[in-house]
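A short worksheet on the structure shown next.
The values are calculated or read from the model by the stated rules, or taken from the named source; none is laboratory data. Given the structure is predicted, the values throughout are model-derived calculations rather than measurements. Cβ sites come from the backbone with ideal geometry, for glycine too, and all protein chains shown count toward neighbours. Keep in mind that these areas ignore ligands, DNA and RNA; they rest on the heavy atoms of the full protein, side chains included. Shrake-Rupley method; radii C 1.70, N 1.55, O 1.52, S 1.80 Å.
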Amino acid sequence: MRIYLHHMRQMPLGGRTGYCARGARSFAEHYGLDWDDFCKHGIEAEVLLATGDYQAEQVVEFARQQEGGQ
């Protein structure tokens, strides 16, 4: 399953909606992910999960729910 920027931007976060682009970009840079490629093509859920990051796990779970549990 691919995760797209819209998943990160729509995910509910404690009373507000989604990550800002700056926060998502910072996350990508921190883990050495290609930001431009992510914006254009998304990223495989497994790549995000491999970071071991709690927020990445939450985004993947949200995306799965949005896409019907794939």
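Over 12 Å from the mean Cα position of the chain (by Cα) and not hydroxyl-bearing (Ser, Thr, Tyr), is that true of residue 67? It is true that residue 67 is over 12 Å from the mean Cα position of the chain (by Cα) and not hydroxyl-bearing (Ser, Thr, Tyr). Set side by side, the residues 23, 18, 32 differ, and just one is on the phi > 0 side of the Ramachandran plot and within 13 Å of the chain's Cα centre (by Cα), which is 18.
Would you check which residues across the range 25-58 are part of a helix (DSSP H, G or I), in contact (Cβ under 8 Å) with a residue 24 or more places away in the chain, open to solvent by less than 70 Å² (accessible area, probe 1.4 Å) and within 12 Å of residue 2 (Cβ to Cβ) and list them? Hits for the range 25-58 are 38, 45, 48. Taking each residue of the range 1-21 that is touching a residue at least 24 places away in the same chain (Cβ under 8 Å) and looking for partners that are open to solvent by 50 Å² or more (accessible area, probe 1.4 Å) and part of a loop (DSSP other than H, G, I, E, B) with beta-carbon atoms closer than 6 Å, six or more apart or interchain, yields 1/70.
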